[in-house]
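**Q** Please read through the structure below; I'll follow up with questions.
The values are calculated or read from the model by the stated rules, or taken from the named source; none is laboratory data. Keep in mind the model is a prediction, meaning the values are calculated, not measured. Heads up, the Cβs are rebuilt from the backbone with ideal geometry, glycines too, and the neighbour counts pull from every protein chain shown.
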Amino acid sequence: MTDTPPDRLSADPASPHFDEELLRRGIGIRFKGVEKTNVEEYCVSEGWVRVSVGKTLDRRGKPLTMKMQGSVEAYFRDPPPAQDAAPE
């Protein structure tokens with residue numbers, strides 16, 4: 001696994017940009033220099049995030065989101081998992 005977060009990632013399991021292993025490791029998002037904790041999906045190269053709007057759900061039971069444009073910085077919150085050393 002690389003130490004650079006992907007360009008695009010989604011928290012929705014139905015999305016083609018969903019990656020459970022990366023989400024379990026922990027991804028932090030800074031949007032316009034401010035730490036965001038309610039990001040459902042982001043794209044660094046296109047410069048947008050989808051944030052959940054309160055606890056409101058749509059008719060399919062998924063969080064209601066709003067797309068916002070601006071500078072996006074993604075980073076890993078946790079260090080990479082340690083590789084198991086080979087027994088001697």
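**Q** Output yes when any residue across the stretch 47-57 is modelled with pLDDT of 95 or more, surrounded by 11 or more Cβ atoms within 10 Å (Cβ to Cβ) and not hydrophobic (A, V, I, L, M, F, W, C), and no when none is.
**A** yes
**Q** Hey, can you tell me all the residues within the stretch 53-62 that are farther than 14 Å from Thr37 by Cα and free of Cβ contacts under 8 Å to residues at least 40 places away in the same chain?
**A** Answer for the stretch 53-62, where residues must be farther than 14 Å from Thr37 by Cα and free of Cβ contacts under 8 Å to residues at least 40 places away in the same chain: Thr56, Leu57, Asp58, Arg59, Arg60, Gly61.
**Q** Please identify the pairs in which a residue from the stretch 1-28 that is in contact (Cβ under 8 Å) with a residue 12 or more places away in the chain and more than 13 Å from Glu40 (Cα to Cα) has its Cβ atom under 9 Å from the Cβ atom of a residue that is hydrophobic (A, V, I, L, M, F, W, C) and in a helix (DSSP H, G or I), counting only partners at least 6 apart or on another chain.
**A** Once the first residue is in contact (Cβ under 8 Å) with a residue 12 or more places away in the chain and more than 13 Å from Glu40 (Cα to Cα) and sits in the stretch 1-28, its partners that are hydrophobic (A, V, I, L, M, F, W, C) and in a helix (DSSP H, G or I) give Met1/Leu22; Pro5/Leu22; Pro6/Leu22.
**Q** Are there any strands (runs of 3 or more DSSP E) wholly within the stretch 1-77 with 2 or more residues that are out of contact with any Phe, Trp or Tyr (no Cβ under 9 Å at 6 or more places or on another chain) and not basic (Lys, Arg), and if so which? Write out each step before concluding.
**A** Numbers: elements: 8-10, 27-31, 34-36, 39-43, 48-57, 63-69, 72-76.
The strands (runs of 3 or more DSSP E) meeting that bar are 34-36, 39-43, 48-57, 63-69, 72-76.
**Q** Can you tell me how many residues within the stretch 6-18 are surrounded by 14 or more Cβ atoms within 10 Å (Cβ to Cβ) and of a type in the set (D, E, K, R)?
**A** 2
**Q** Select from the stretch 21-34 the residues that are among the charged types (D, E, K, R) and within 24 Å of Pro81 (Cα to Cα) and write down the one among them that is surrounded by the fewest Cβ atoms within 10 Å (Cβ to Cβ). Explain how you work it out, then say what you get.
**A** As a first pass, look at the stretch 21-34 and keep what is among the charged types (D, E, K, R): 21, 24-25, 30, 32.
Of the ones still in play, those that are also within 24 Å of Pro81 (Cα to Cα) are 21, 24-25, 30.
On the way: Glu21: 8, Arg24: 10, Arg25: 16, Arg30: 14.
That would be Glu21.
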